[in-house]
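The values are calculated or read from the model by the stated rules, or taken from the named source; none is laboratory data. Bear in mind that the values here come from a model prediction, so they are computed numbers and not experimental data. No Cβ is skipped: glycine too gets one built from the backbone with ideal geometry, and neighbour counts run over all protein chains shown. In case anyone asks, the SASA skips ligands and DNA or RNA and just uses the protein heavy atoms, side chains included. Shrake-Rupley method; radii C 1.70, N 1.55, O 1.52, S 1.80 Å.
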Amino acid sequence: MNDTASEQLSEQSLRGGETTVESVSEEGGEEEQPWTIYQFICDQALFYSRETLDHIVLVIFIYTLLCLVLYKLLFHRCSRWLKLVRKSRLPATANRALLVTAHPDDESMFFGPTILELRRRNCRIFLLCLSDGNYDKKGPTRRQELWDASESLGIKPEDITLLNATHLQDDPAVEWKTVTIAIQILKHLEALDADLLVTFDKDGVSGHPNHSAIYYATASLCLSGMIPNKCKVLTLESVNLCRKYVSILDLPITLLLSTNWSVLSWESRRAVQNAMRLHRSQMVWFRQLYVAFSRYMVINSLCEINQSDVEFEILNS
């Protein structure tokens, strides 16, 4: 009897122990469950992040390859015969062009591709720079730099006009009067018998108020019908920050969205960069980066404007 009783007690204690262990494990499982869900979410997020990153890298690689092939095709000897793409589309009848800028270095920093393409077509380019860039008290130095850089781009010294007017000083805080600029532009258009006017658009590429002021003066001339009938007006398109600093990677977008453009070969791009470097007083570190990566060293996209375009823009503003 004693043996039977002891066996029953031991079985009950074992069953109790198993129950205790099971209850503890169940309680422990409940405590570990939130951590398991969190870890699962993290693992899934990491997996999809890696997968997305792989796709992004693949897309960037394919797009870069497309840009390089397209850029190479532009300057291949068969491209003219195949007529697939064109490295430039500018008014074919331009013989005398007036380029209007705000400061010394604008011609090299922004308009280099347009200047070289027009020169390649034997178009004579006249440069009207509305200020001497004396904001940092370096007016005489910047004047000489303008002459050196312009000559390197093929603009003759006698075709450069640099204004030093008290009401057109290089200062973003000073408002340039639209009427004053318009008078200067119209006077030079008529005196030079220019058939093409090239300048900034309303955003001025860099957002400088002096750049934008030239556009509004040009727009006012178009609106009033004072631009000579034979003269076409092209404004340099401003682009967002991403497009601005991707060099030739902006090529497909330019060819798709623009009506007028000029794309330089890699050798001609170096000519524009060298012209910009002749503005030694302006070559601080961020302009060094600009010269290396900016699309404006190799690509210009331009928009032709006329009276109806300006009227439409006013109605929609």
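Numbers below:
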read-out: Qualifying lysines (Cα of each under 18 Å from Cα of K87; at least 8 residues distant if same chain); value: K72
read-out: Size of electric dipole in the stretch 93-247: Cβ of Lys, Arg +1 and of Asp, Glu -1, about Cα centre, debye, nearest 20; value: 340
read-out: Neighbourhood net charge (15 Å Cβ-Cβ; Lys/Arg +1, Asp/Glu -1) for C67; value: +4
read-out: Dipole magnitude of the stretch 161-317, debye to nearest 20 (Cβ charges: Lys/Arg +1, Asp/Glu -1, about Cα centre); value: 640
read-out: Residue-wise HN-Hα coupling along the stretch 217-231, computed from phi with Karplus coefficients 6.51, -1.76, 1.60 (Hz; x: Gly, Pro); value: 5, 5, 4, 5, 5, 5, 5, 7, x, 8, 5, x, 4, 7, 8
read-out: Over the chain: helical MRE at 222 nm, DSSP H runs n ≥ 4 each giving -39500 (n - 2.57), nearest 500; value: -18000 deg cm²/dmol
read-out: Rounded to 10°, Cα long-axis angle of helix 139-152 versus longest principal axis of the chain; value: 90
read-out: Too-long pairs where the Cα-Cα distance tops 22 Å, listed order kept, from K138/K177; K187/K232; K156/K187; K137/K202; K202/K244; value: K138/K177; K137/K202
read-out: Angstrom value of the Kirkwood radius, inverse mean 1/r, which spans all Cα pairs in the chain; value: 23.4
read-out: Built amide H within the under 5 Å cut-off of N260, gap 5+; value: L302
read-out: 5 angstrom amide H check on G133, placed H, neighbours 5+ away; value: D170
read-out: The chain: angle of helix 178-192 to the longest principal axis, Cα-based, in degrees nearest 10; value: 50
read-out: Accessible surface of the stretch 171-317, 1.4 Å probe, proportion on carbon and sulfur as whole %; value: 59
read-out: Test item: Cα-centred dipole of the stretch 105-164, Lys/Arg +1 and Asp/Glu -1 on Cβ, debye; value: 160
read-out: Alpha-carbon Debye profile of the stretch 135-254, log10 I(q)/I(0) at 0.11, 0.18 Å⁻¹; value: -0.46, -1.21
read-out: For the stretch 287-303, Karplus couplings with θ = phi - 60° (6.51, -1.76, 1.60), whole Hz, Gly/Pro x; value: 7, 4, 5, 4, 4, 6, 10, 6, 5, 6, 7, 9, 10, 10, 10, 10, 10
